[in-house]
Amino acid sequence: EKFNVITPADSQITANMAEEWEDWLLPCLAKDPPHVVLNLSNVNDMDSRSGEKICQIQQSFYEKNCSFVICGLKPAVEKMLDEHGWLEVMNVTPTESEAWDIVQMEEIERELMEGFDEESNT
């Protein structure tokens, strides 16, 4: 496997739960593989603090050169993320299968860029 799929069981994610996102997701950076697909298909509602936290966590993954793709957004969650401008900076796909494709494409891109960086240093 090239990634971990995390699917929260809760249908509503509240502000009190927002801090738990880091506890669930950031430890994946220390695992092999470090890439995450966050499947939110069970989540019908999310407050803005949780959305902001997910956006921050996704940026942490990309800063460490790791993939973090979100899939399965319900309309209310997608609307909230879009209204706050987070949707445009997040890597989101409609389905888990498409998220897998993104992770694999990003892995290939990292491998190609690694080879390119090595060639440019010689």
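The values are calculated or read from the model by the stated rules, or taken from the named source; none is laboratory data. The structure presented is a predicted model; accordingly, all values stated were derived computationally and were not measured. Neighbour counts run over all protein chains shown; Cβ positions are idealised from the backbone, glycine included. Each accessible area value is taken on the protein alone, full model and side chains, heavy atoms only, with ligands, DNA and RNA left out. Shrake-Rupley method; radii C 1.70, N 1.55, O 1.52, S 1.80 Å.
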query: Could you give the angle, 0 to 90 degrees to the nearest 10, between helix 15-25's Cα long axis and the longest principal axis of the Cα atoms of the chain?
result: 30
- prompt: Along the Cα-to-C-beta direction of ASP45, a point sits 7 Å from the Cα; which residues of region 1-33 have their amide N less than 18 Å from that point?
  reply: 9-18
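In the chain, which longest range has no GluC sites (Glu not before Pro) that are both DSSP loop (not H, G, I, E or B) and surrounded by at most 12 other Cβ atoms within 10 Å?
Details: sites that count: GLU1, GLU88.
Excluding the exposed sites themselves, the longest stretch runs over 2-87.
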task: Report the residue, chosen from GLY51, GLY72, GLY85, that carries the largest GNM mean-square fluctuation when the chain is represented by alpha-carbon nodes joined by springs under 10 Å.
output: GLY85
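Need one word for region 24-79: rounded, prolate or oblate. Basis is the Cα gyration tensor (sqrt eigenvalues a ≥ b ≥ c); a/c below 1.5 gives rounded, then a/b vs b/c decides.
Details: a/c = 2.46, a/b = 1.85, b/c = 1.33.
Note, shape of region 24-79 comes out prolate.
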statement: Candidates TRP24, TRP100, TRP86; GNM for the chain (alpha-carbon contacts under 10 Å) flags as most fluctuating TRP24
statement: The long-range amide H neighbours of ASN4, using H built 1.01 Å from N in the peptide plane and a cut-off of under 5 Å, are HIS35, VAL36, VAL37
- prompt: Just the Cα atoms of the chain: what Rg and Dmax do they give in Å?
  reply: 15.0, 53
query: Quick one: helix 96-120 against the long Cα principal axis of the chain, what's the angle to the nearest 10°, folded into 0 to 90?
result: 30
Å² per residue, accessible surface of region 1-118 at 1.4 Å: 55
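Sum -39500 (n - 2.57) across every DSSP H segment of at least 4 residues in the chain, then divide by the residue count to get the 222 nm mean residue ellipticity, nearest 500.
Numbers: 4 runs with 61 residues, N = 122.
After summing the helix terms and dividing by residue count, I get -16500 deg cm²/dmol.
Under 28 Å between C-alpha atoms is the cut-off here; go through region 23-99 and count lysine pairs that meet it, provided they're at least eight residues apart or on different chains.
Values: LYS31/LYS53; LYS31/LYS64; LYS53/LYS64; LYS53/LYS74; LYS53/LYS79.
Count of close lysine pairs: 5.
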- line: Which of SER50, SER11, SER67 fluctuates most in a GNM of the chain (C-alpha springs under 10 Å)? That residue is SER11
- request: Report, in degrees rounded to the nearest 10, the 0 to 90 angle that the Cα long axis of helix 48-63 makes with the longest principal axis of the chain.
  value: 10
- prompt: Roughly speaking, to the nearest percent, how much of the chain's 1.4 Å accessible area is carbon and sulfur?
  reply: 47
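Which net charge results when you count Lys and Arg as +1 and Asp and Glu as -1 among the other residues whose beta-carbon is under 13 Å from that of ILE57? Could the numbers behind the result be given before it?
Working: positive: ARG49, LYS53, LYS64; negative: GLU19, GLU20, GLU22, ASP23, GLU52, GLU63.
Residues close to ILE57 contribute a combined charge of -3.
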statement: At R0 = 35 Å the Cβ-Cβ FRET efficiency linking HIS84 and MET113, nearest 0.05, sits at 0.70
